[in-house]
Amino acid sequence: MTMPNKRLEVMQTIEQSMDGLLDKYLKPIDDNWQPSDLLPDSREPGFHEEVEELQALAKEMDYDLFAVLIGDTVTEEALPTYEAWLMDIEGVEAEDKNGWSKWVRAWTAEENRHGDLLNKYLYLSGRVNMREMEISTQHLINDGFDLPTGRDPYRSFVYTSFQELATNVSHRRVATLSKQSGNDRLARICGVIAADEARHANAYLDFVKRIFEIDASEIMLALEHMMRMRIVMPAHLLRESGGGIGELFTHFSDAAQRIMVYTTQDYIDIIKSLLEEWDIENITGIDDSAEKAREYLMALPERLQRVSERVRIPKKQFEFKWIAV
Ligand SMILES: [Fe+2]
Ligand SMILES: [Fe+2]
């Protein structure tokens, strides 16, 4: 697909500010938290005792909450898929080592700590069938994901803005529920990850805001397109051993809805916050088709609200192979 040059020009314009953006939204590596800061140190004499405590608390966790934590981990661990997709966006030019590919590498380097930390926690928890979880992870990376973005930077940054906000919500809620059940370590783990997601969300929101300043009609149309196609979760092709592609996703998503970690209401609220953040209502200087797109977008939250009232979530828990019985 060839794109109008305007998109490349816009990417190059934003790229000129990339050094500042990297400083603003990402943290210096040597001072950043690392997974081992939040886990028992296996060199210490108290290691076994700490692990025992970690296991006792993990055992007490709500079944759905634990399943969601594993699904979140698998989602984070499919990072190679997201990095490859971002590197391929028009204007990123992986080979060139330009500002954009620098951004993607630096973002990936931060994100990589999320799956690493959660995986190690789950390994120590004594409650996970690690082999089953690893099979799901390998499948998810192998299956990739299927987004209506193509290589378009506008559509892609709308997607990442949404997604980083969504992962912030879900990790934050798992942190809160963990805290309530007395699992302070897991609360800290999900809390630091949620904070990373919030910084990343701010970065992508900023990229899109800058695009609105230069190419408002086209980014409005990209936003409309993504909303019409609905934002699918990165793990929408999730499966378990012996299962079909994508078959596990609904069960994962139902569990997340039951414990209110990520719900249809959150989906609607994120759309509302995007509309507010980019001040869609007051964007000026757009053409007729973008004007129509704006009308669709402004009416969308209310329309989804009506539909969401009819959504019913199954009450019965699903038995995940991931969880050791
Ligand atoms: Fe993440
Ligand atoms: Fe993220």
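The values are calculated or read from the model by the stated rules, or taken from the named source; none is laboratory data. Bear in mind that the values here come from a model prediction, so they are computed numbers and not experimental data. Glycine also receives a Cβ, built like all others from the backbone with ideal geometry; neighbour counts cover every protein chain displayed. The accessibility values were calculated without ligands, DNA or RNA, using every heavy atom of the protein model including side chains. Shrake-Rupley method; radii C 1.70, N 1.55, O 1.52, S 1.80 Å.
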| said: Spelling out what I want: for every residue of segment 157-163, take phi, set θ = phi - 60°, compute 6.51 cos²θ - 1.76 cosθ + 1.60 (Karplus), and round to whole Hz; glycine and proline get x. | reply: 6, 5, 4, 5, 4, 4, 5
| query | Out of residues 5 or more away from residue 246 or on other chains, whose amide H comes under 5 Å of its own, with H placed 1.01 Å from N in the peptide plane? | reply | 238, 239
| said: Under the 0.36 nm per residue contour assumption, what length would be gained going from the current alpha-carbon distance of residue 123 and residue 105 to full extension? | reply: 3.8 nm
| For segment 1-73 versus segment 217-292, the gap between their alpha-carbon centres in whole angstrom | 22
| note | Taking only C-alpha positions in segment 187-325, Rg and Dmax in angstrom work out to 18.2, 60
| message | Within the chain, count lysine pairs with alpha carbon atoms under 18 angstrom apart where the residues are 8 or more positions apart or belong to different chains. | response | 9
| note | A chain fully extended from residue 56 to residue 306 at 0.36 nm per residue, minus the present Cα-Cα distance, gains in nm 85.7 nm
| task | Calculate, axis by axis, the spread of Cα positions in the chain along the three principal axes, and write the results as whole Å, longest axis first. | result | 63, 49, 35
| query | Expressed as a whole percentage, what fraction of the accessible surface of the chain belongs to carbon and sulfur atoms when a 1.4 Å probe is rolled over the protein heavy atoms? | reply | 49
| In square nanometres, what is one fourth of the surface area of the convex hull spanned by the alpha carbons of segment 140-230? | 7.1
| task | Output the Cα-based Rg and Dmax of segment 98-171 in Å, rounding Rg to one decimal and Dmax to a whole number. | result | 15.2, 44
| Nearest 10 degrees, 0 to 90: what angle lies between the long axis of helix 216-229 and the longest principal axis of the chain (Cα atoms)? | 40
| Amide H partners (placed H, <5 Å) of residue 323, local residues excluded | 129
| request: Report the label-to-label distance for residue 317 and residue 250 in nanometres (one decimal), using points 7 Å from each Cα along the Cα→Cβ vector. | output: 2.1
| field | Rounded, prolate or oblate (a/c below 1.5 giving rounded, otherwise prolate when a/b exceeds b/c) for segment 107-147 by Cα gyration tensor | value | oblate
| Per residue of the chain, what 222 nm ellipticity follows from adding -39500 (n - 2.57) for every DSSP H run with n ≥ 4, rounded to the nearest 500? | -22000 deg cm²/dmol
